[in-house]
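Student: Sharing a structure with you now.
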Amino acid sequence: MRRLKLRDIFIRNIQPSKKSVKLGSHRGNHFTIILRNIKNSRDLRENINNNISFLNNYGFPNYFGLQRFGSFRPNSHIVGHCLIEGDFKKAFEEYVSTTYSTELPESKRVRRNLRNDKNLEKAYKTFPNSLNYEKNMILHLIENPGDYKGSLNTLPSALKQLLVSSFQSFLFNKMLTLRVEKGFSLFKPIKGDVISILDDHHGNVTKVKYIYGKMYDEYLDKAIKLNRAVIILPIIGNNTNLDDFPLVKQLLEEIWTQEKIDKNIFSSEYFNKPEFKGSLRAITAKPIGLKMINFEADDVFTGKKKIKLEFSLLKGVYATMLIRELIKQS
């Protein structure tokens, strides 16, 4: 490990451990970010400092970031939804032939051609090798006409798992958005909210939870103020009991209708696996040590300002969401 050299990666404080390091076993991530092209104003610096103070004290909405759904083709949750519903033809079309403005021109061209002429043989020849997953899916359909399920099964298991988990993340974001739209506070619980007690060491959500609006409200309010508890929403899985989340259950009834989701999909074969049992996620996240290091003239964009920020986040929290909130309020 001491001889390991990776560009722009620094490994410090190497110590022996009784447990092996696995995905998700880290405490969090540290960021140093420069924001440029900021329109100057008389109160800009003061506004940024006020917003930083607010974010440090209260936090920001703990949405899953765009990269969870695909930065260039933000449709992984759509494909995941189709898989769970068992609509494999629609899943194939969304994954292979639907185009997005943010993807490469060549990719858009070949996908659009397939969508228009339905010529699989031509598509297999013209799709670039960089779209190898799509080519494998197309080849399977050429060799096995109409077998869309088999075509989707050519995707690696890890990728199919990611697609389904993206749909779970989409549902979480929809619940959080609907809560905000209804005017419910992100920082003060209301009747029917579920409060999780945070662990002592890292401040992560635990399975110790209480429904707000009962006999423990006074203690839960104190725990939230002391950063020892937080309002949570479920990442819905096959082991989630919605009766444990009274407010969420109400919100979901609206989401099923808005998104045309059949609530019975959670019993599908793609969802009924241990990795999709569900979990809990805080509706807000607080940065650790968020501060502005520099505030100066932008050396790239004339007449604009740039700022340099430093902060840490617990695992699973998206820096893009913090930056979005800071920019929105400044």
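Read-outs throughout are calculated quantities, based only on the coordinates presented, and are distinct from any laboratory measurement. Worth saying up front: this structure is predicted, and the values here are computed from it rather than measured. Positions of Cβ are backbone-derived with ideal geometry, glycine not excepted, and every protein chain shown enters the neighbour counts.
Student: Helix-only estimate, please: 222 nm mean residue ellipticity of the chain, summing -39500 (n - 2.57) across DSSP H runs of length 4 or more and dividing by its residues, to the nearest 500.
Tutor: For the chain, the value works out to -12000 deg cm²/dmol.
Student: First measure r as the distance between the Cβ atoms of Glu181 and Lys222, then evaluate 1/(1 + (r/R0)^6) with R0 = 35 Å and state the FRET efficiency to the nearest 0.05.
Tutor: Efficiency computed from Cβ-Cβ geometry: 0.75.
Student: Does anyone have the angle between helix 76-85 and the longest principal axis of the chain? Alpha-carbon axes, 0 to 90°, nearest 10?
Tutor: Its long axis makes an angle of about 60 degrees.
Student: Then there is this: Only Cα pairs under 8 Å and at least 6 apart count here; give the relative contact order of the chain as a rounded whole percent.
Tutor: The normalised contact order for the chain reaches 28 percent.
Student: Provide the gained length on full extension for the span Thr98 to Ser71, in nm with one decimal, where the gain is 0.36 nm per separating residue minus the Cα-Cα distance.
Tutor: Here the answer is 8.2 nm.
Student: If you fit an axis through the alpha-carbon atoms of helix 246-258 and take the longest principal axis of the Cα set of the chain, what angle between them do you get, 0 to 90°, nearest 10?
Tutor: 40 degrees
Student: Now for a separate question. If Lys and Arg each add +1 and Asp and Glu each add -1, what is the summed charge of the other residues whose beta carbon sits under 15 Å from the beta carbon of Pro105?
Tutor: My count for the surroundings of Pro105 gives +3.
Student: Quick one: what does P(r) look like for the chain with 10 Å bins over all Cα pairs, in whole %?
Tutor: Histogram of Cα-Cα distances, whole percents per bin: 5, 20, 25, 25, 18, 6, 0.
Student: Starting at 0 and stepping by 10 Å, how many percent of the alpha carbon pairs of the stretch 233-330 end up in each bin?
Tutor: Calculated P(r), rounded to whole percents: 12, 29, 24, 17, 13, 4.
Student: Right, something else. Gap in Å between the Cα centre of the stretch 265-330 and the Cα centre of the stretch 29-73?
Tutor: Taking the Cα centre of the stretch 265-330 as reference, the centre of the stretch 29-73 is 8 Å away.
Student: What does the net charge come to around Ile232 if you take all other residues with beta carbon closer than 11 Å to its beta carbon, with K and R at +1 and D and E at -1?
Tutor: +1
Student: Taking the mean number of other Cβ atoms within 10 Å as a proxy for protection, how do you rank 314-321, 96-103, 170-177, 214-221 from highest to lowest?
Tutor: Taking the mean over residues of other Cβ atoms within 10 Å, the ranking is 170-177, 314-321, 96-103, 214-221.
Student: When all C-alpha to C-alpha distances in the stretch 76-155 are sorted into bins of 10 Å, what percent of pairs does each bin hold, rounded to whole numbers?
Tutor: 19, 56, 24, 0
Student: Subtracting the Cα-Cα distance from 0.36 nm times the residue separation, let me have the gained length for Asn116 to Glu310 in nm, one decimal.
Tutor: Gain on stretching Asn116 to Glu310: 65.0 nm.
Student: Compute the angle between helix 44-58 and the longest alpha-carbon principal axis of the chain, please, reported from 0 to 90 degrees and rounded to the nearest 10.
Tutor: Roughly 90 degrees between the two axes.
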